[in-house]
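Chemist: Below you'll find the structure I mean.
Rule-based calculations on the coordinates, nothing more; no lab input. Predicted model, so just to flag it, every value in this text is computed and none were measured. Quick reminder, even Gly has a Cβ in these numbers, built from the backbone with ideal geometry, and neighbours come from all protein chains shown.
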Amino acid sequence: MGIFGALTTAVTGMRAQSFALENISGNIANSQTTAFKREDTSFVDLIPDNIPSKQLAGNVIANSRSTNSVQGDIQNASVGTYMAVNGQGFFVVEKPASFADNQPVFDGVDLYTRRGDFSTDKNGYLVNGAGYYLMGIPIDPQTGNLVGSVPTLLKFDSGFLPAQPTTQIQYQANLASYPLTANHDTSIPKSELLQPINYSVDPTVAGTGTVVANDVPTFLKDSVSGGAITAYDVSGAPVNVQLRWAKTDSSLYGGTDTWNLFYQTDSTATGTTVAWQNVGTDYTFAANGQMSPAVPLVSLTGVVVDGVTLGNVTLQHGATGITQFADPNGNVQVNSLQQNGFPAGVLQSVSVNDKGRVVGTYSNSRTIDLAQITLANFNGVDGLKRIDGGAFVATDESGPPTYNAPGKIVGSSLEGSNTDIADEFTKLIVTQQAYSANTKVITTSNQMVQDLLNMLR
């Protein structure tokens, strides 16, 4: 049986090397395939049962050894919806079982892939180059919170983002301790202050102070600009909110440094119509330039500007947001002026950031987080079953998926194949030599059989 056993063993060797060659061929063929995971070959010896002194080297079989946990190089890409996983984790995807009325129909089977070349299709889904549809967790655009905890198919409609009215204005600024108003004269004490006696009604009365149209020219000379910002009503209509500061008392004359803030209510007012409204709070400052007491916020009720109703608006300053320090320019240095409203807008594009969130860009210049991409992980990652298009199916060997994998999503990037061409060429040479050596065994065994037959003749 030795000669015929050698023939059988050589055949298994050739079969194993052929199997290895097929893996090498596939690895080289997919060396440029996005996120491809190469298949290495593991050889296993098969030993017949025998006593130690009669044991044989045995036959051989070849098995595939997955490299699902071996990462490919991450390369930059110019497409905003492309992404790569740096570290552990797989994108959760589904593939349509069929199409009806040009709409995909899914069978609910979750698949997993590292291939991140996703782009939006005509229906608003994110689909990669192999036809797999991305899953994730939607985000409530109003609250920014996740909607649920289980990944679902992501679809982004091109409908309107509803307008959000302005309810809060963040405002921080420094007021010059000596304002250089149009009426100021360093030789005339209190000329930099607002003088209520020059107005039809006292504009400094807390809560009710106003400036009527007839007094606007005087008011502009007694005050300094505090900046302007565009706010929005409930329908998204814009309105320009103008702010002005007027100093009403000063420590230079034995009093307390006090300022009043006004906003314009009617830019076209005439006669005795109210043009500017006092916010109703005295801003007083200590010698160190800090508010005393602090005014972290001011609530404005029923704000109407140029006929546009904003309703209740909160001015947010923070404990130290408004200061009074010396400034040679004598004006108001606005450090922060922002508001939380915006008009309605249409979704124009989506992209993926490095936090793994799908971000929508709207025609109103707003960027809103739309979804959180979920990464799945497996205890036995190399036990996943490979299917077409760089996707995998969970198996008993891989275990069930666990979410929130530790990998990090890198936006505008793609993971390359983990195939090393040089290494594959080396394995190719070794495989060819091993295959040829097995053919020599068959040739030699055949010659020995011929010698045996010739002897019998």
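Chemist: Which pairs in the list 95/408; 54/427; 95/385; 37/408; 95/427 are over 27 Å apart, alpha-carbon to alpha-carbon? Intermediate results must be reported in sequence, preceding the final value.
Modeler: On the way: 95/408 24 Å; 54/427 33 Å; 95/385 16 Å; 37/408 19 Å; 95/427 35 Å.
The answer is 54/427; 95/427.
Chemist: In whole Å, how far is the Cα centre of the stretch 115-192 from that of the stretch 61-92?
Modeler: Result: 32 Å between the Cα centres.
Chemist: Give the residue from 197, 319, 227 lying farthest towards the positive end of the charge dipole for the stretch 168-339; charges sit on Cβ (+1 for Lys and Arg, -1 for Asp and Glu) and the dipole is referred to the Cα centre.
Modeler: About the Cα centre, the residue reaching furthest to the positive side is 319.
Chemist: Counting Lys +1, Arg +1, Asp -1, Glu -1, what net charge surrounds residue 247 among other residues with beta carbon under 15 Å of its beta carbon? Can you show the working numbers first?
Modeler: Details: positive: 190, 221, 244; negative: 185, 192, 222, 249, 257, 282, 327.
Neighbour charge sum, excluding residue 247 itself: -4.
Chemist: How much net charge surrounds residue 370 when only the other residues with a Cβ under 15 Å from the Cβ of residue 370 are counted, with Lys and Arg +1 and Asp and Glu -1? Provide the component values of the computation, followed by the final result.
Modeler: Details: positive: 155, 355, 357, 366; negative: 140, 157, 369.
Net charge in that neighbourhood comes out at +1.
Chemist: Could you state the per residue volume, in Å³, of the convex hull enclosing the Cα atoms of the stretch 248-318? Walk me through the numbers before you get to the answer.
Modeler: Numbers: hull volume 7.5 nm³, N = 71.
Measuring per residue, one finds 105 Å³ for the Cα hull of the stretch 248-318.
Chemist: Put one equal scatterer on each alpha carbon of the stretch 68-224, apply the Debye formula with no solvent term, and list log10 I(q)/I(0) at q = 0.15, 0.21 1/Å to two decimals.
Modeler: Here the Debye-derived log intensity ratios amount to -0.95, -1.34.
Chemist: Turning to a different aspect of this structure: For log10 I(q)/I(0) by the Debye sum over Cα atoms at q = 0.08 Å⁻¹, one of [x] -0.46; [y] -0.71; [z] -0.59 was computed from the structure I shared and the rest are decoys. Which label?
Modeler: From the options [x] -0.46; [y] -0.71; [z] -0.59, the structure gives [y].
Chemist: Would you kindly calculate the mean projected area, averaged across all directions, of the convex hull enclosing the Cα atoms of the stretch 193-255, in square nanometres? Provide the component values of the computation, followed by the final result.
Modeler: On the way: hull surface 22.9 nm².
With the hull built on Cα positions only, its mean projection is 5.7 nm².
Chemist: So if I take the centroid of the Cα atoms in the stretch 4-31 and the same for the stretch 379-412, what is the distance between those two points in Å?
Modeler: Distance between centres, Cα-based: 28 Å.
Chemist: Right, something else. Quick check for me: using +1 on Lys/Arg Cβ and -1 on Asp/Glu Cβ, what's the dipole size of the chain about its Cα centre, in debye to the nearest 20? Walk me through the numbers before you get to the answer.
Modeler: Values: 23 positive and 37 negative charges, 235 e Å.
The dipole of the chain has a size of about 1120 debye.
Chemist: Report for the stretch 168-339 the percent antiparallel among DSSP-assigned beta bridges with both residues inside it, nearest 5. Mind showing how you got there, number by number?
Modeler: Details: 39 of 46 bridges.
So the antiparallel bridges amount to about 85 percent of the total.
Chemist: Follow-up. Going by C-beta contacts inside 10 Å, put 7, 46, 243 in order with the fewest on the left. Display every interim value, and only then the final one.
Modeler: On the way: 7 16, 46 12, 243 23.
Listed from fewest to most nearby Cβ atoms, that is 46, 7, 243.
Chemist: May I ask for the Kirkwood hydrodynamic radius of the stretch 168-339, worked out over all distinct Cα pairs and given in angstroms to one decimal? Mind showing how you got there, number by number?
Modeler: Values: mean 1/r = 0.0617 Å⁻¹.
Taking the inverse mean of 1/r over all distinct Cα pairs, the stretch 168-339 comes out at 16.2 Å.
Chemist: Taking the Cα atoms only, what angle lies between the long axis of helix 421-456 and the longest principal axis of the chain, rounded to 10 degrees?
Modeler: 10 degrees
Chemist: How do 259, 245 line up, fewest other C-beta atoms within 10 Å first? Present the calculation step by step, with values, prior to reporting the outcome.
Modeler: Details: 259 26, 245 23.
Least crowded to most crowded, the residues run 245, 259.
Chemist: Can you tell me which lysines have their Cα less than 29 Å from the Cα of residue 221? Leave out same-chain residues fewer than eight positions away.
Modeler: 190, 247
Chemist: Considering only DSSP beta bridges whose two residues both sit in the chain, what percent are antiparallel, to the nearest 5? Present the calculation step by step, with values, prior to reporting the outcome.
Modeler: Details: 96 of 103 bridges.
So the antiparallel bridges in the chain amount to around 95 percent.
Chemist: With a 10 Å Cβ neighbour count serving as the proxy for reagent exposure, in which order, fewest first, do 398, 235 appear?
Modeler: 235, 398
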